[in-house]
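Have a look at the structure below before the remarks.
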Amino acid sequence: MPTAQEQHEHAMQLAGDLRILIGKLRRRLREEAHLGDVSMSQASVLSRLERDGPATASSLARAEGMRPQSMAATVLALTEAQLVTGSPDPADGRQTILTLTDSCRAWIAASRAAREDWLARTIETRLTPDEVTELNHAVALLKRLAQ
């Protein structure tokens, strides 16, 4: 039976391997997203607006851990690319509520579909049926880790 120290060392090795693997998978999925000229910070803001709904630039800056000036530049670029649109905040006319445009929502859906299609095809072509079952169990464990 492994000692507590051996179990800890094994968990540390596994944690490092998992971190590296998840990073590689994220980069590969980003490649499949076909982001075009959208920077990672812009993609993060678009993702947050899609997930959390309309928001002000200041609330986005706080949520993204950015300086307000940096967020203003990000929002300007997204507005010029017609990915977000702004309207006056009914509660505070000095603020602007940012929302995704319909074309941006369609682009996000297409990007997500491309990533999921790549991943599904990769699973089907590189894994055996038994490995797919193992992967399903691993996903359940990863969900528990993420809670």
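The table below gives the values:
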| item | result |
| --- | --- |
| Two-site label geometry, GLN95 and SER41: point separation in nm, points 7 Å out along Cα→Cβ | 2.2 |
| Charge dipole magnitude, Cβ of K and R +1, D and E -1 - the chain, Cα centre, debye nearest 20 | 260 |
| Solvent exposure of the range 52-147 as accessible area per residue, Å², 1.4 Å probe | 70 |
| Spin-label zone in the range 133-147 - amide nitrogen under 14 Å from a point set 7 Å from the Cα of ALA11 along the C-beta vector | 145 |
| Helix axis angle, 129-146 relative to the chain longest principal axis, alpha carbon, degrees | 60 |
| Whole-number percent relative contact order across the range 42-144, with pairs defined as alpha carbons under 8 Å at least 6 apart | 22 |
| Length released on extending from ALA138 to ILE20, taking residue separation times 0.36 nm less the Cα-Cα span | 40.9 nm |
| Quarter of Cα convex hull surface for the chain, i.e. mean projection, nm² | 12.5 |
| Label-to-label distance, nm, for residues given as LEU29 and ALA110 (7 Å Cα→Cβ offset) | 2.1 |
| GLU124-THR3 pseudo-label distance in nm [points 7 Å out on the Cα-to-Cβ vector] | 5.1 |
| Acute angle (nearest 10 degrees) that the helix 68-80 long axis makes with the longest principal axis of the chain, alpha-carbon atoms | 80 |
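The values are calculated or read from the model by the stated rules, or taken from the named source; none is laboratory data. Computed from a prediction, not measured in an experiment: that's the story for all the values here. Note: ideal-geometry Cβ built from the backbone for every residue, glycine included; neighbour counts use all protein chains shown. Please note that ligands, DNA and RNA were not included when accessible areas were found on the heavy atoms of the full protein model with its side chains. Shrake-Rupley method; radii C 1.70, N 1.55, O 1.52, S 1.80 Å.
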